[in-house]
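Report on one structure; see the data block that follows.
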Amino acid sequence: KEIFLKDYIEPNYLIPNVELYINILEKEAVVTSMLTIVKNCSGDTPLVLDGKELKLHSVLLDGKEIFDFDYSDDKLTIKNLPNKAVLTTTVSIDPYNNKSMEGFYKSGNILCTQNEAEGFRRVTFFSDRPDVMSKYTITVEGDKKVFPKLLSNGNLVESTPIGENRLRNKWEDPFAKPCYLVAIVAGDLESITDSFTTKSGRVIDLEIYTDPGQSNKAYHAMESLKKSMKWDEDTFGLEYDLDLYMVVAVDSFNAGAMENKGLNIFNSAYVLADPKTATDSDFEGVEGVIAHEYFHNWTGNRVTCRDWFQLTLKEGLTVFRDQEFSSDKTDRTVKRISDVSILRSHQYPEDKGPNSHPIKPESYFTIDNFYTATVYEKGAEVIRMIFTLLGKEKFRAGMDLYFKRHTGEAVTTEDFVSAMEDASGFDLTQFKRWYSQAGTPVISVDSSYNNGEFTLKVKQEIPKTSYNCPREPLFFPFPIGLYDKDGRDLTPEAGKNLIISKEYEEFTFKTENRVIPSLAQGFSAPIEVRYNYSTDELITLLTADKDKFNKFDAARRLTMISIDTIIGDIRTNRECSIDKRIIESYKKLLTDPTLEKRYLATLLYIPEVKDIALTMEEYDFKLANRARNIYLKQLATELKSNLFRLFEDNLAIDAVAERSIKNSALSILSFLGDDIAEIAQKQFALAENMTDYMAAFMSLQKCSDTVRIEANKSFKEKWKDNFLVMNKWFITQAIRDDETVLDDIKKLSLDELFDNTNPNRIRSLFGAFAGRNSAHFHSEDGQGYKFIADKIIDIDSYNSHVSSSLASAFQPYKYLGEKQAKLMKEQLIRISQKEGISTGLNEIILKTLKAR
Ligand code: ARG
Ligand code: ZN
């Protein structure tokens, strides 16, 4: 059943108080809940609670058992309730066999919850919607040998041994919250502890829990947590509000992490990190996700969403906050480039695909399908544009007003925008269209030069997408720079504050000669900017642009031009070669001592195959892959001595920046195959950190079979007992560029270390193949499609979250050539005919089929 934003009505009943009692037994858990129910409507509207896969034992109304209720279709309906009553239900649930990873489930030896978005209905009967906010007291009881730690939200108020073998812990959270933030954890957990003193002098206890033997890998997460707490005080004046903050790492988790009040539950990949087992980018991932979940305490928990259509209210804003945090802690430009690359390679295709939607969609079948790059990453860009338009001070004033007005409430994106407007005086009326319009705006810029006047002609076009919505002109910042052909900066003051708001606009600047524009500096809006740059103009920007983002973008554009030229050459059977001017400019960059190393590494831009396919009218992944390989092999050949020197020069210092440039050089050189076998093998054998080890391992995949197979074997031998490191082993083999890769994947899926119920493992093998090995997933025999369809069908029976997200691999359907489309269609139809297909998967598959 499709659900619409316009149908929103306030809850008929409120539940100000909840007392939960969870008794964990050997084969099940018995959940008793006492809900204080208060009528919030007139008439004799029945109370309807959600409940999924609950074995109902009893229903009591004000202490007396009643039988006049109906439990069917996941709803418990009770008629004739008084205005206020206490409803007590007792149910059994089975966390041990819950493979959906939603509600209360087992991950390894830990029992834990995941209730966002609609998992709490699998725990007990409840009005499972975010605008029903309650104060919770939660008691958890279990066998104290199996579950010596019994955790929930808030503060531990009682811990009582029950007889010889059992323990009962009572938790109280003083703040009202929606049920999606409830968390329960039971396990034999190890922990590290620390504390943080807030700006008002309160001492907060910090605890990070892991499986036994793992807690020594949680120190980086702990440091990140303390940094996040400090940063949110310094930047937004936001102080933590409970006395205890807990994080638990689990190996089976559908998403990255979850911001449950006072008790975050994390995919272990975003908690555990030490140099031996985690790469530099893993370290940054941990820091970013720890920050993200911590920041949710205010943007998400204390101010929450009225309904799930408002998801971007908390996610877009919190991603913006975690991006800003990471920018302050690492390198702002490098972080920006990496965030934009994620947006371009995940969100842009989503906008062009069957599940295109605005950051605030107006309808859905399953909200699970909207935890997307659009809601998260484009949502963060929308917040960033408000930040740019208002400026830092006024944005902060807007945030202050937002919290002043809405702390403790469940609100809408309009409430957020109103706070920003009221605090700043900035009119965001037109800007708000970003919330309701889907699609990546295409901004086509043309220029002319006449009598000392340089004119930019800017046209904006909102593309038609699979999502039906108006396509009115958007309002966004569009700062520009102007350079002459020798790279002199001629940017007028006015250029820095340009705003686009109309379908067509012209801007004129007085300049002595024709100039080169640097457009939408800093990636000022989630748009695609088209300008017919000549190669020389781009080389000038690559050399001279003071906007570091656009300097990078010049490198990206040059790369895409080179590859595009190669594609043309292949199509017309001409010999392929990279423009000498481009090679020369790269040689200069590689020897420029003023460039920061991590930044230089971003300039050695390597697009993914699907980034290239995306620029084709009809996606030809095979051709894109071929052109990419030719390009990279030539680049490696032309720059060989420079890259080798760069590699050698950065061996001595073992730090993030040096590793990043050294390994970027190695990864381009690896397109020379066995030429790098020796240095890669050496690095593989001697590496003391996972960054170098993985860089070498990935390069060895491009060497001859014996070299590669040897590396694969030694990797497994060394790391077979480390769950997270072995994910990397699966991924690396799943994305190998070779015709036979699918056979390998089939073998790997039978490996004793593979587990088809663990989301991380599924993503590492099947997800990596379908999402990142486009050339072979889209193989001409259709076997890639068939294999992934088989997996989707299988997985959907127990985890619809993972099956639906795997199905996004079929997103390019609309853009395939006839032959490929036919092959894909067969599989889409086969999936759609699966008996008992989940609502989530069905929504994705039907939308995909409708695309052509
Ligand atoms: N709120 C969590 C986070 O961003 C993610 C929850 C994912 N849940 C889901 N149903 N996809 O921080
Ligand atoms: Zn989030």
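With a requirement of 3 or more residues that are free of Cβ contacts under 8 Å to residues at least 60 places away in the same chain, the helices (runs of 4 or more DSSP H) lying completely within region 297-374 that satisfy it span 311-329, 332-342. Against the definition (outside any loop (DSSP other than H, G, I, E, B), out of contact with any Leu (no Cβ under 8 Å at 6 or more places or on another chain) and surrounded by fewer than 16 Cβ atoms within 10 Å (Cβ to Cβ)), how does Asp654 come out, yes or no? No; evaluated as a whole, the condition is false for this residue.
Of the listed requirements (1) over 30 Å from Gln783 (Cβ atoms); (2) not in a helix (DSSP H, G or I), Ile668 misses just one: (2). Looking at the structure I just gave you, is Ser774 surrounded by 19 or more Cβ atoms within 10 Å (Cβ to Cβ) and within 21 Å of the chain's Cα centre (by Cα)? Criteria met by Ser774. Taking region 369-397, which residues are surrounded by fewer than 24 Cβ atoms within 10 Å (Cβ to Cβ), in contact with a Pro (Cβ under 8 Å, 6 or more places away or on another chain) and hydrophobic (A, V, I, L, M, F, W, C)? Listed by number, the residues that qualify are Phe370, Met385, Leu389.
The conditions of being touching a residue at least 24 places away in the same chain (Cβ under 8 Å) and under 26 Å from Ser356 (Cβ atoms) are not met by Arg488. Tally up the residues in region 328-368 that are surrounded by fewer than 19 Cβ atoms within 10 Å (Cβ to Cβ), within 15 Å of ligand 1 (Cβ to nearest atom) and of a type in the set (Val, Ile, Thr), please. The qualifying residues number 2.
I'm trying to understand the selection: among the residues of region 239-261, which are within 16 Å of ligand 2 (Cβ to nearest atom) and more than 17 Å from the chain's Cα centre (by Cα)?
Within region 239-261, Val247, Asn260, Lys261 qualify.
Total residues in region 156-170 satisfying the condition of being more than 38 Å from the chain's Cα centre (by Cα), surrounded by 11 or more Cβ atoms within 10 Å (Cβ to Cβ) and assigned to a strand (DSSP E or B): the figure is 3. Consider region 217-242 and keep the residues that are of a type outside the set (A, V, I, L, M, F, W, C) and touching a Leu at 6+ places or on another chain (Cβ under 9 Å). The one that is surrounded by the fewest Cβ atoms within 10 Å (Cβ to Cβ) is Lys226. Of all the numbered requirements in (1) outside any strand (DSSP E or B); (2) more than 30 Å from Leu753 (Cα to Cα); (3) away from ligand 2 (no atom under 16 Å from the Cβ), Ile204 misses one, and that requirement is (1). Within region 247-271, being in contact with a Leu (Cβ under 7 Å, 6 or more places away or on another chain) and either small (Gly, Ala, Ser) or more than 16 Å from ligand 1 (Cβ to nearest atom) (or both) holds for Ala249, Gly262, Ser268, Ala269. The set of residues in region 296-332 being more than 11 Å from ligand 2 (Cβ to nearest atom) and hydroxyl-bearing (Ser, Thr, Tyr) consists of Thr304, Ser326, Ser327, Thr330. When each of Ala410, Ala419, Ala438 is tested for being on the phi < 0 side of the Ramachandran plot, without any contact (Cβ under 8 Å) to a residue 60 or more places away in the chain and buried (at least 16 other Cβ atoms within 10 Å of the Cβ), the lone residue that passes is Ala419. Note on region 275-327: residues that are touching a helix residue (DSSP H, G or I) at 6+ places or on another chain (Cβ under 8 Å), among the charged types (D, E, K, R) and either within 12 Å of ligand 1 (Cβ to nearest atom) or within 30 Å of Ala695 (Cβ to Cβ) (or both) total 9. Residues that are among the hydroxyl-bearing types (Ser, Thr, Tyr) and away from ligand 1 (no atom under 14 Å from the Cβ) within region 369-388 comprise just one, Thr388.
Checked against (1) closer than 25 Å to Thr279 by Cα; (2) within 29 Å of the chain's Cα centre (by Cα); (3) hydroxyl-bearing (Ser, Thr, Tyr), Thr615 passes all but condition (1). When Gln683 is tested against (1) surrounded by fewer than 22 Cβ atoms within 10 Å (Cβ to Cβ); (2) touching a residue at least 12 places away in the same chain (Cβ under 8 Å); (3) in a helix (DSSP H, G or I), exactly one condition is not met: (1). The C-beta contact set for region 594-608 (first residue over 17 Å from Ile539 (Cβ atoms), second residue in a loop (DSSP other than H, G, I, E, B), distance under 6 angstrom, 6+ apart or interchain) comprises Arg598/Asp331.
Annotation note: Cβ proximity below 8 Å between a residue of region 284-296 that is without any contact (Cβ under 8 Å) to a residue 40 or more places away in the chain and a residue that is assigned to a helix (DSSP H, G or I) and near ligand 1 (Cβ under 9 Å from one of its atoms) (sequence gap 6+ or interchain) occurs for His292/Thr318; His292/Val319; His296/Lys314; His296/Thr318.
Taking the criterion of being more than 13 Å from ligand 2 (Cβ to nearest atom) and either under 18 Å from Pro759 (Cβ atoms) or among the acidic types (Asp, Glu) (or both), the residues of region 262-285 that qualify are Ser268, Ala269, Val271, Leu272, Asp274, Asp280, Asp282, Glu284, Gly285. Among the residues of region 576-583, are any touching a strand residue (DSSP E or B) at 6+ places or on another chain (Cβ under 8 Å), at pLDDT 95 or above and closer than 30 Å to Ile527 by Cβ? No; the residues of region 576-583 include none that is touching a strand residue (DSSP E or B) at 6+ places or on another chain (Cβ under 8 Å), at pLDDT 95 or above and closer than 30 Å to Ile527 by Cβ. On the given criteria, is Tyr364 more than 16 Å from ligand 2 (Cβ to nearest atom), of a type in the set (Ser, Thr, Tyr) and more than 24 Å from Arg471 (Cα to Cα)? No; evaluated as a whole, the condition is false for this residue.
Scanning region 837-852 for residues that are over 13 Å from Ile795 (Cβ atoms) and either over 21 Å from the mean Cα position of the chain (by Cα) or not in a helix (DSSP H, G or I) (or both) yields Thr839, Asn842, Ile845, Leu846, Lys847, Thr848, Leu849, Lys850, Ala851, Arg852.
The values are calculated or read from the model by the stated rules, or taken from the named source; none is laboratory data. Keep in mind that what you see is a predicted model, and the values were worked out from it rather than measured. For neighbour counting, all protein chains shown are included, and Cβ atoms are generated from backbone atoms with ideal geometry for every residue, glycine included.
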